[in-house]
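Structure record follows, encoded as structure tokens.
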Amino acid sequence: MSGSEKPPRRQVSQRANVRSQGRNIMAGRDVRTTEINNYLGPNSGPGRGVGRKGLALFFAGVLVLGAVGFQVLRWEGGRHTADTADTARTRPTAPASAYSPDGPNSADSSTAPAGGATTPAGRVTTTPAASAGPPFVARSSFPGSALDPIAAGSQWAFVLDHPLTPSQLAGLERLDGLDGQAVWDYLRPLGARIASDNWATGPRMTFKMLFLSDRSTSLSIQSMRPVHIACTQSTAVTVVDFASEGDDAVPTVAFSLLKPDVPLAEVNSAGEPTGPYFSGHQIDLGAGITPGALDVQATGAPGKSCSWRFRVGFATASSQSTQLVDDGGEPFTIEAAPLHPAQHIQYGLDTTGRKRWADCATAADCN
């Protein structure tokens, strides 16, 4: 080898150079880029595989999606349960026997309980009654009430459990005693009660009773008698009255609390009893019939305050029954004026015929 010649250069194949230089691509056309990318080692180049870090991120995402899906399923299940519970609360519940598979109202039975009907599915539906209230009601009005004011010039009597003071007496004396309603309106706020004068048979009071029924079918009242009678000594110490010379209103029927077993008597125009009222009369109600009315006169016990209720017998087209009647939830009452009151104020005529208020403790012309 001459000195001017250089030693021959070592030939290295392009593939070997690729192996040693990794990402360096030689200029030969026999090497394709895709081959180099496919050959490159893990975690390098566009064709790299999934490493440990990628796998960890993938499984973490799966776990998150799974947790979200589980919560969604739980929420949907809870909502379905709540809807089912709400439906159970709002759905009408029939009697247990109506759905009993072994009972008389089971699905294959055509018999429904009273007041109901069986549907094709076997469930029982109830039918409301024509009227949920009582067969009839009774309304009462007593003298001095808004429905029955005290007529001018008629007899009246009021009692109190305390004496009237001088100032209260002065206010009373400014009133016209012929206007019994005005006297009652003045004394009622002071604690006064309507009373009855004592007759030989006891105190008497007349009041009105009105019977009404909203039933579509008719019924008839056929008897009436006082029950639950209780009498106590009157606690009144003051009497204020007007002894009219006129007659009391004539009642339709009359009875005595001292003789509760005696039927209510019919009273004629002269005020005389003629016989049991319901022997020849009845009070028809319902089916649009005009309400029935009675003027009732009660006789109590002398010097006593009495209370009672009525046991009323009635009949329908198919049955007979009774109903207890009172004065708006309270018993009827009648109070006698005390025979010897501590204070007795009377409106009437003096010896000269002049109307005036008199203190019966000193006046000689009190009745």
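Let me check against my output: what whole-number percent is the relative contact order of the stretch 154-195, with C-alpha pairs under 8 Å and at least 6 apart? Please list the in-between numbers first.
On the way: 30 pairs, mean separation 26.0, N = 42.
That works out to 62 percent.
Starting from 0.36 nm per residue, how many nanometres of slack lie between Arg139 and Leu210 once their C-alpha separation is accounted for?
On the way: separation 71, 0.36 × 71 = 25.56 nm, distance 0.51 nm.
Contour length minus Cα-Cα distance gives 25.0 nm.
Mind grabbing the accessible area of His344 for me, 1.4 Å probe, Å², rounded to tens?
Near enough 40 Å² of accessible area.
So for the pair Asp161, Leu178, with labels modelled 7 Å out along Cα→Cβ, what separation do we get in nm?
It works out to 3.6 nm between the two label points.
For a quick check of understanding: with a 1.4 angstrom probe and all protein chains in place, what accessible area in square angstrom does Ile229 have, to the nearest ten?
60 Å²
Within the stretch 269-367, report the trypsin sites (Lys or Arg not before Pro) that DSSP leaves as loop and that have at most 14 other Cβ atoms within 10 Å. Intermediate results must be reported in sequence, preceding the final value.
Working: sites: Lys304, Arg309, Arg311, Arg354, Lys355, Arg356; in loops: Arg354.
Those that pass, being in a loop and sparsely packed, are Arg354.
So if each residue of separation counts as 0.36 nm, and I subtract the Cα-Cα distance between Ala170 and Ala293, what length gain in nm does that give?
Working: separation 123, 0.36 × 123 = 44.28 nm, distance 4.06 nm.
Extra length from Ala170 to Ala293 when fully extended: 40.2 nm.
Can you list residues from other chains, or at least 5 along the same chain, whose modelled amide H is less than 5 Å from the amide H of Trp156?
Phe242, Ser244
In nm, to one decimal, how far is the Arg188 label point from the Ala146 one, both placed 7 Å along Cα→Cβ?
Between Arg188 and Ala146, the simple spin-label model gives 1.0 nm.
Report, in debye and to the nearest 20, how large the dipole of the stretch 225-367 comes out about its Cα centre when Lys and Arg carry +1 and Asp and Glu carry -1 on their Cβ. It would help to have the intermediate numbers written out before the result.
On the way: 8 positive and 16 negative charges, 57 e Å.
Using only the charged Cβ atoms, the result is roughly 280 debye.
Taking the Cβ-Cβ separation of Ala243 and Ala342 as r and a Förster radius of 22 Å, what is the calculated FRET efficiency to the nearest 0.05?
It comes out at approximately 0.70.
On a C-alpha basis, how far is the centre of the stretch 137-175 from the centre of the stretch 273-291 in Å? Whole number, if you could?
32 Å
Given points 7 Å out from each Cα along the Cα-Cβ axis, report the Ala361 to Ala230 separation in nanometres with one decimal.
According to this spin-label approximation, the distance is 3.3 nm.
Given R₀ = 35 Å, FRET efficiency for Gln323-Glu272 by Cβ-Cβ distance, to 0.05?
Details: r = 30 Å, r/R0 = 0.86.
My answer for the efficiency is 0.70.
For the stretch 229-367, take the convex hull of the Cα atoms, compute a quarter of its surface area, and give me that in nm², please.
Numbers: hull surface 47.2 nm².
If you wrap the Cα atoms of the stretch 229-367 in a convex hull and average its projections, you get 11.8 nm².
The values are calculated or read from the model by the stated rules, or taken from the named source; none is laboratory data. These numbers come from a predicted model, not from an experiment. No Cβ is skipped: glycine too gets one built from the backbone with ideal geometry, and neighbour counts run over all protein chains shown. What goes into the accessible areas is simple: the full protein's heavy atoms, side chains included, and nothing from ligands, DNA or RNA. Shrake-Rupley method; radii C 1.70, N 1.55, O 1.52, S 1.80 Å.
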